[in-house]
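The values are calculated or read from the model by the stated rules, or taken from the named source; none is laboratory data. Just so we're clear, the structure is a prediction, and the values are computed from it rather than from any experiment. As a convention, Cβ positions derive from the backbone with ideal geometry for all residues, glycine included, and neighbour counts pool all protein chains shown.
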Amino acid sequence: MNIMSQIPLMVDLSGQRAVVVGGGTVAARKVSALLEAGASITVIAPEASAFLREQAEQGMIDWCRKLFDPGDLNEAWVVVAATDSPEVNRRVAACVQPRQLVTVVDQPRFGNFHIPARLRRGRLVLAVSTMGASPVLAKKIRDELSERYDETWEAKLDQLYQERERIKRSGWSPEEKRKRLKGLVKGL
């Protein structure tokens with residue numbers, strides 16, 4: 001993976017099939033992020049953490065209590081290799097087909113995307129990545145940003161959105177629209 005070839009990208013995962021191979025705490029964190037994004041998730045693991053078992057019992061995810069098989073990735077758009085075995089994780093990555101996204105939690109170089117540390121305040125989403133150098137540092141920076149961008153930002157962004165839509169619908173000239181849109185964020 002060439003770190004210079006990566007670009008942050010917001011992707012709508014609503015209803016998209018995601019397969020998470022692994023059942024531990026790291027897999028649970030990735031499942032949590034995928035659930036937040038609305039993905040349709042299948043977990044492949046003989047054993048699962050309490051969180052994953054609970055999500056399966058509630059019908060939030062499908063849990064296949066088994067070892068990984070390459071056929072498990074059929075129909076998946078997103079694949080997460082999150083086992084405690086580097087060999088299994090590499091094997092998962094090797095089975096990914098073109099047009100599938102894969103992240104390998106312990107060996108980012110075998111994947112083509114990763115899930116950064118995130119902070120969400122309604123429409124405001126801040127993502128922090130160290131490109132695998134230090135996920136702990138990424139989380140630390142995210143936590144520092146959470147102090148600056150507290151919960152009040154959700155309402156601020158909703159109001160900005162409404163004002164932006166009003167300006168876009170107005171009959172003002174493009175220059176006037178740009179001026180007013182810029183004015184919306186002054187003082188924030």
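Among residues of the range 66-116 being among the hydroxyl-bearing types (S, T, Y) and assigned to a loop (DSSP other than H, G, I, E, B), the one that is surrounded by the fewest Cβ atoms within 10 Å (Cβ to Cβ) is S85. Looking only at the range 43-65, residues that are crowded, with 16+ Cβ neighbours inside 10 Å and closer than 19 Å to R90 by Cα come to 3 in all. Mind checking whether some residue in the range 63-81 is touching a strand residue (DSSP E or B) at 6+ places or on another chain (Cβ under 9 Å), acidic (D, E) and modelled with pLDDT of 95 or more? Yes: the range 63-81 contains one or more residues that are touching a strand residue (DSSP E or B) at 6+ places or on another chain (Cβ under 9 Å), acidic (D, E) and modelled with pLDDT of 95 or more. Scanning the range 48-63 for residues that are in contact (Cβ under 8 Å) with a residue 24 or more places away in the chain and among the aliphatic types (A, V, I, L, M) turns up A48, L52, M60, I61. For the range 82-112, the set of residues classified as closer than 19 Å to L13 by Cβ and either of a type in the set (S, T, N, Q) or not assigned by TED's automatic domain parsing to the domain that holds V43 (or both) consists of Q97, Q100, T103, N112, listed by residue number.
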